[in-house]
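Structure record follows, encoded as structure tokens.
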Amino acid sequence: MERRATVALSREFIASAETYGAHNYHPLDVVIDRAERIWVWDVDGKRYLDCLSAYSALNQGHRHPAILQAMREQIEKVTLTSRAFHNAEMGPFLQELCEFTGQEMALPMNTGAEAVETAIKTARKWGYQIKGVPADKAEIVVCEGNFHGRTITIVGFSSEEQYRDGFGPYPAGFRMIPFGDAAALRKAITPHTVGFLFEPIQGEGGVNVPPAGYLRETRRICTENRVLYIADEIQTGFGRTGRRFCCDYEDAKPDLLILGKALGGGVYPVSAVCASRAIMGVFRPGDHGSTFGGNPLGAAIARAALRVIRDERLAERAYELGEYFMSELRRIASPAVREVRGKGLLIGVDIKREAGKARPYCEALRAEGILAKETHDQVIRFAPPLVIEREEIEGMLPSIARVLKR
């Protein structure tokens, strides 16, 4: 198709996606054609600042040179072997990931949902083999407002009715409690409880931050009751919240750490579950697997992605810039805003219900050259790549203020 610098070009691409694609998303009307660091350009040449980072998959920014270089070099050698054979990248990747997380073993997969399913299988197997829970009686405690993926199992323990509607019947074995309520966790635990699965901050749930001390207390409760502490850090991990992992804020080390998104450096899907040798040792050959999990291309990319996070101190940058960004957002005198909350560069601006839903604000931000996305109707999520500079945050604040005051 010949390139034309007209709005009609964007409309053609959107029309083809709407005609031939299932309508399972409601994207903003922008067609991204190229990207660099924190910036994206649409097919008509307009530049935008990316404030979503592909739901935190782009912590290192778009097309980071070191990650692209690792990808190019690996493509020239081998991209896929399956787990029927060893490859020269997976072992070093798993070692570096365990050293980065402070865990002893890792099981690589591809997507975040696969990693969550892997953690559920691990916890149940551990419950039967190690804890001694009777067969098929294992229970996992989850939180209201959770978002752990879209598989049948995962939507089955969602409290969001739309995620569940029309997809039942659902697997049993999950108990739901309010998010941020440590006492509710203690009350929900039974002799059959094998794990507590949670997000340290609920991103899709509305950037919901639990009370101070919640992570530390729930970690203690799980230890006392011999229940696995299962942290889904797919969206909050790898520096996004101002620490390597959000649980680090309260030294609440998970028994099972679920990872994804930024582990693939924004160019390839890579996920993993990390745990101790005693927990991960429940698996035998044939128990679980993935054709693409641990493939050499993904492993090489993930190794580069980890190096960028560490060497460029992205967690430290996210903490410093997040504190600045949130303080400036709170200074905007808008009657539409109920609250600004978050940690690091995972920030939610909660719009009062009487001021309407968050979607029109995101559409107005797009017109200002800023791409943000609503979540749970009332919250605008700001989560730019962690390589953003303070001056670039300063540059978009007037536009955000105009939209919030409008």
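The values are calculated or read from the model by the stated rules, or taken from the named source; none is laboratory data. Since we're looking at a predicted model, the values are computed, not measured. Please note: Cβ atoms are built from the backbone with ideal geometry, for glycine as well, and neighbour counts cover all protein chains shown.
For beta carbons closer than 8 Å, sequence separation of 6+ or different chains, a first residue in segment 260-287 that is within 12 Å of N110 (Cβ to Cβ) and a second that is of a type in the set (F, W, Y), the qualifying pairs are K261/Y55; K261/F238; L263/F238.
Within segment 341-389, restricting attention to residues that are part of a loop (DSSP other than H, G, I, E, B) and of a type in the set (A, V, I, L, M), which residue is farthest from the chain's Cα centre (by Cα)?
My answer is A358.
Taking segment 38-63 as the search range and keeping residues that are in contact with a strand residue (DSSP E or B) (Cβ under 8 Å, 6 or more places away or on another chain) and over 19 Å from K373 (Cβ atoms), which one is surrounded by the fewest Cβ atoms within 10 Å (Cβ to Cβ)? This residue is R63.
A single member of R284, R313 is over 19 Å from S56 (Cβ atoms), surrounded by fewer than 20 Cβ atoms within 10 Å (Cβ to Cβ) and out of contact with any Cys (no Cβ under 6 Å at 6 or more places or on another chain), and it is R284. Looking only at residues in segment 216-243 that are assigned to a helix (DSSP H, G or I) and not hydroxyl-bearing (S, T, Y), the one that is farthest from P385 (Cα to Cα) is E224. For segment 171-180, the criterion of being at pLDDT 95 or above, out of contact with any helix residue (DSSP H, G or I) (no Cβ under 7 Å at 6 or more places or on another chain) and surrounded by fewer than 15 Cβ atoms within 10 Å (Cβ to Cβ) is met by at least one residue.
Matching residues to (1) modelled with pLDDT of 95 or more; (2) in contact with a Ser or Thr (Cβ under 7 Å, 6 or more places away or on another chain); (3) closer than 24 Å to A183 by Cβ; (4) not basic (K, R):
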position: G213; (1), (2), (3), (4): yes, no, yes, yes
position: R216; (1), (2), (3), (4): yes, no, yes, no
position: R226; (1), (2), (3), (4): yes, no, yes, no
position: I279; (1), (2), (3), (4): yes, yes, no, yes
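Of the helices (runs of 4 or more DSSP H) lying entirely inside segment 260-331, the ones with 2 or more residues being under 16 Å from the mean Cα position of the chain (by Cα) are found at 296-311, 314-331. Just for segment 316-341: of the residues that are surrounded by 17 or more Cβ atoms within 10 Å (Cβ to Cβ), of a type in the set (G, A, S) and out of contact with any helix residue (DSSP H, G or I) (no Cβ under 6 Å at 6 or more places or on another chain), which one is farthest from V387 (Cα to Cα)? My answer is G322.
Here F245 fits the description: aromatic (F, W, Y) and either in contact with a helix residue (DSSP H, G or I) (Cβ under 6 Å, 6 or more places away or on another chain) or over 22 Å from A135 (Cβ atoms) (or both). Return the residues of segment 70-107 that are in contact (Cβ under 8 Å) with a residue 60 or more places away in the chain and exposed (fewer than 12 other Cβ atoms within 10 Å of the Cβ); say none if nothing qualifies. Listed by number, the residues that qualify are E73, L80.
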